[in-house]
Amino acid sequence: MTVGAVRVIAIARNTFVEAARNRAFWGLGVAAAGLVVSSIVASGLAVSDQASRVLVDFGLFAIGVLEVVIATVLGVILIYKEVERKTFFLVLTKPVHRHEVVLGKFVGLLGVLGVALLIMAAAWFVSLWTRGVSLSADMGRALVLSFMEAALVTSVALFFSAFATPVMSGVFTVGVFLVGRNIALLEELLAARKGPLV
């Protein structure tokens, strides 16, 4: 293992611990538990033959949304806090390159997102199991894609947090996320439009 990789892993470990101690992370964990409970309630309100589908769809929706929210919130405030407390500059006085610091922060946040995903997925699987819904490989694939989406949002949030305030970074990150999520709709609207775009 190279010296640079060791430094990145050390920064990632520190980032993971710091993010796990963050109150925002635990608040979002409570929200995740609330969404799992509400998915059980929502499935009880559904038509009898659609209850399992509601439970599956609502669970995937809740996990996806919370992963993106966690990625945005933690990604936006992480580097800003480091710069504000001047610890970022202290780290840069050591024999560490800037890209190693940012990569370490990114890897640490991916670790936090992975743990959050595992906890939410376990709670979701338990709620599915209690309702007698069988698990499928598609559910696992959906969770992997949700993690990849959150990783992409994390990279965008870290990018914007390097030069903007947390509020503006959050707005920019959510904007990029919404555009990315709705790109097919935007293409469809542009294809349906006839005439100049003026």
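The values are calculated or read from the model by the stated rules, or taken from the named source; none is laboratory data. None of these values were measured; they are calculated from a predicted model. When we count neighbours, we look across all protein chains shown, and the Cβ atoms used for this are built from the backbone with ideal geometry, even at glycine.
Here residue 2 meets each of (1) closer than 22 Å to residue 113 by Cα; (2) modelled with pLDDT of 80 or more; (3) loosely packed, with under 13 Cβ neighbours inside 10 Å; (4) among the β-branched types (Val, Ile, Thr) with one exception, condition (1).
Can you confirm whether residue 171 is farther than 22 Å from residue 20 by Cα, β-branched (Val, Ile, Thr) and without any contact (Cβ under 8 Å) to a residue 60 or more places away in the chain? Talk me through it step by step, then tell me what you get.
On the way: farther than 22 Å from residue 20 by Cα: yes; β-branched (Val, Ile, Thr): yes; without any contact (Cβ under 8 Å) to a residue 60 or more places away in the chain: yes.
So residue 171 passes the test.
When the residues of the range 145-168 are filtered to those that are under 17 Å from residue 19 (Cβ atoms) and not aliphatic (A, V, I, L, M), the one that is surrounded by the fewest Cβ atoms within 10 Å (Cβ to Cβ) is 155. Every listed requirement among (1) among the aromatic types (Phe, Trp, Tyr); (2) closer than 26 Å to residue 115 by Cα; (3) not in a helix (DSSP H, G or I) is met by residue 159 save one, (3).
Going residue by residue through the range 37-57, is there one that turns out to be on the phi < 0 side of the Ramachandran plot, touching a Pro at 6+ places or on another chain (Cβ under 7 Å) and hydroxyl-bearing (Ser, Thr, Tyr)? No: the range 37-57 contains no residue that is on the phi < 0 side of the Ramachandran plot, touching a Pro at 6+ places or on another chain (Cβ under 7 Å) and hydroxyl-bearing (Ser, Thr, Tyr).
Scan the range 62-75 and give yes if some residue there is modelled with pLDDT of 75 or more, more than 17 Å from residue 114 (Cα to Cα) and either in contact with a helix residue (DSSP H, G or I) (Cβ under 8 Å, 6 or more places away or on another chain) or among the hydrophobic types (A, V, I, L, M, F, W, C) (or both), otherwise no. Checked the range 62-75: no residue is modelled with pLDDT of 75 or more, more than 17 Å from residue 114 (Cα to Cα) and either in contact with a helix residue (DSSP H, G or I) (Cβ under 8 Å, 6 or more places away or on another chain) or among the hydrophobic types (A, V, I, L, M, F, W, C) (or both).
Residues in the range 67-88 that are surrounded by 21 or more Cβ atoms within 10 Å (Cβ to Cβ) and either touching a strand residue (DSSP E or B) at 6+ places or on another chain (Cβ under 8 Å) or of a type in the set (A, V, I, L, M, F, W, C) (or both): how many? Total satisfying the criteria: 7. Of all residues in the range 101-141, those satisfying the criterion of being farther than 15 Å from residue 72 by Cα and within 14 Å of the chain's Cα centre (by Cα) are 115, 118, 119, 120, 121.
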